[in-house]
Each structure stands twice: as C-alpha cells, then as structure tokens.
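Inspection log for the structure reproduced underneath, given as structure tokens.
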Amino acid sequence: MCNLYSLTKSQDEIRRAFRIDDDRTGNLPPLPGIFPNTAAPIIHNHEGRRVLAMHRWGMPSPAFALEGKRVDPGVTNVRNTGSPHWRRWLGPEHRCLVPLSAFSEFNKAEGGDVWFALGAERPLAGFAGIRTEGWTSVRKLKDGETTDDLYAFLTCPPNEEVGAVHPKAMPVILTTENEWETWLRAPWSEAKKLQRPLPDGSLTLVGRGMKHDDAR
C-alpha cells in the first residue's frame, strides 16, 4: 500500500500543470511528506471548472471493517472497484486527481521507505482518486465526531520498478492531460480502463529510508 507521498512543486506550478480554474487551498506550502488522515490538495470538476481543494486522506471504511471499532481512520488505497461500497463513488462527480511529485512504498529489507518519481526532477503527475464531501465520522478518538471532505486513490498490479519493492500493488498514476480529462469527465465504462500500472521503466528510484522527500 502507498501510505506516503509528496507534493513539493510550487503552487503556481500545480495550477499551471493541471489547468486549475479555481484554487481553494489558500497558501499551499511544499508538502514533502503526506500521511494518511491528513489534509492535502486534490483536483475535481465543479460546474465544468477544475477546482483545487483540500481533502483529508482516507475514504470511509466498509461497514464490515468497522465492526467492534470506535474510530474509522479511513481507507487510503482502493483496489476492488467492483465492491458495492466503492461503486457509489465512481461517477465523474466523485472522481478526482491527487497531484504528486513522488511516492513511497515500504519495504523493511530495502531500508524502509523507497521513493519513486517520474524522474529525478519529480515532474508532476496525478493519482487516480475518488472523493466524497461532508462525511461525518470519528477519525480520532481525541477529536470526537468530525465532518470532512475525504479522498483516496486507486491501486493496480505493480510495474517492474515498484514490484521489486512492493509486489502486491502500486498506485494508479496518470501522467497526461488526456488521461486527466478522461478520469475527471468520462463515464466509468471508459475511465475504468485507466486502472492499470505505468509501463515498465517509467519510474525512477529517487530516495530510500526517509519519511519525506525534500526535492523540488
């Protein structure tokens, strides 16, 4: 599972790369380590315009996973889009892009967190995400019940580079304007074809053993 990623490009670079029409994030600093259950920017369509907004990482957990539990920390990675729990959020109105510079997969034998990017310069890409707004739950006992806008991103079988570190899965990463537009607007019958790994050789190993990625 990918439970750590970074977004270290400037706010202006993010706006330009993803053709943002409406930035609702305020002053967005570099985010060298984004962890589950924290807030990060996502991109979604609203009335035909691309919106950059802050959501909390972790979609609502299925009911069976919450039996006997007092909190729902959320699901960060979604694989089985055929599940009734996830099908409700697969329409264009619930799809989003999650901008990233690099992401990490954990492998203790490889030194802990192993960071991947599209290149040493960390060009921007987008996880294929889903989201929901105004979800009320207990994320942390100390906070009690809160109402949050939430997101997660899809996973798929790993390509060669990620598979050498984490053989079970990798995030679904979209790299072109055509893919971004398809994910945000197309019917599910078309968009679901994007749930596939990057081609072998697409990723560069850019760090190892760190809980953050400071490259810009």
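Kindly provide the set of residues from the range 50-78 that are assigned to a loop (DSSP other than H, G, I, E, B), of a type in the set (Lys, Arg) and touching a helix residue (DSSP H, G or I) at 6+ places or on another chain (Cβ under 9 Å), ordered by number. Result: 70, single match.
What number of residues within the range 133-160 are in contact (Cβ under 8 Å) with a residue 40 or more places away in the chain and more than 19 Å from the chain's Cα centre (by Cα)? Of the residues in that region, 5 qualify. Residue pairs whose Cβ atoms lie under 8 Å apart, separated by 6 or more positions or on different chains, with the first residue in the range 117-132 and touching a residue at least 40 places away in the same chain (Cβ under 8 Å) and the second in a strand (DSSP E or B) and surrounded by fewer than 18 Cβ atoms within 10 Å (Cβ to Cβ), are 117/204; 118/204; 119/204; 120/204; 131/149; 132/149.
Do the conditions hold for residue 152, that is, is it part of a loop (DSSP other than H, G, I, E, B) and hydrophobic (A, V, I, L, M, F, W, C)? Against the criterion (part of a loop (DSSP other than H, G, I, E, B) and hydrophobic (A, V, I, L, M, F, W, C)), residue 152 does not qualify.
Restricting the search to the range 156-181, which residues are surrounded by 14 or more Cβ atoms within 10 Å (Cβ to Cβ) and part of a helix (DSSP H, G or I)? Answer for the range 156-181, where residues must be surrounded by 14 or more Cβ atoms within 10 Å (Cβ to Cβ) and part of a helix (DSSP H, G or I): 161, 162, 163, 179, 180, 181.
State which residue is surrounded by the most Cβ atoms within 10 Å (Cβ to Cβ) when the search covers only the range 60-82 and only residues that are touching a residue at least 60 places away in the same chain (Cβ under 8 Å) and over 19 Å from the mean Cα position of the chain (by Cα). Once the filter is applied, the top-ranked residue is 71.
Within the range 172-196, residues that are over 26 Å from residue 3 (Cβ atoms) sit with their Cβ atoms under 7 Å from residues that are among the β-branched types (Val, Ile, Thr) and surrounded by 15 or more Cβ atoms within 10 Å (Cβ to Cβ), at 6+ positions apart or across chains, in these pairs: 190/182.
Only the coordinates and a few stated rules stand behind these numbers; no lab work does. These numbers come from a predicted model, not from an experiment. Virtual Cβ from ideal backbone geometry, glycine too; neighbours counted across all protein chains shown.
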